[in-house]
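In what follows, a single structure is set out as structure tokens and then discussed.
The values are calculated or read from the model by the stated rules, or taken from the named source; none is laboratory data. Only a predicted model underlies this, so the values are computations on that prediction, with no experimental measurement involved. As a convention, Cβ positions derive from the backbone with ideal geometry for all residues, glycine included, and neighbour counts pool all protein chains shown.
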Amino acid sequence: MRLLIFAVLAYLLYRVLRSYFGSGQKITRTENGGVIDEMVKDPFCDTYIPVRDAKRRVIDGREYFFCSEECADKFQKEKEEL
Ligand SMILES: [Zn+2]
């Protein structure tokens, strides 16, 4: 019986630690631990999008990922105006 309580506590601790350390992660994982997709940040609207759905654009020799063409256009325009 004591072992069961210990196991439950260990499991709860594991869940707490996992959610605590997992909050800052940019990689989404499935239940079995497989990577679904890498998340990239839209520098214009600060939104995280899966890399396969992101609009990729090279501006000033740097690679950026955007949630939409609109964000890419606005970001590029802003860069050019500087
Ligand atoms: Zn955006």
* Within region 1-32, restricting attention to residues that are under 28 Å from Asp53 (Cβ atoms) and basic (Lys, Arg), which residue is modelled with the highest pLDDT? -> Arg18
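One line per residue, one yes/no per condition, for (1) of a type in the set (D, E, K, R); (2) crowded, with 16+ Cβ neighbours inside 10 Å; (3) out of contact with any Leu (no Cβ under 8 Å at 6 or more places or on another chain):
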{"position": "Met39", "(1), (2), (3)": "no, yes, yes"}
{"position": "Asp46", "(1), (2), (3)": "yes, no, yes"}
{"position": "Ile59", "(1), (2), (3)": "no, no, yes"}
{"position": "Arg62", "(1), (2), (3)": "yes, no, yes"}
{"position": "Ala72", "(1), (2), (3)": "no, yes, yes"}
* Asked: Out of region 42-67, which residues are within 12 Å of the ligand (Cβ to nearest atom) and not in a strand (DSSP E or B)?
  -> Asp42, Pro43, Phe44, Cys45, Asp46, Thr47, Asp53, Ala54, Cys67
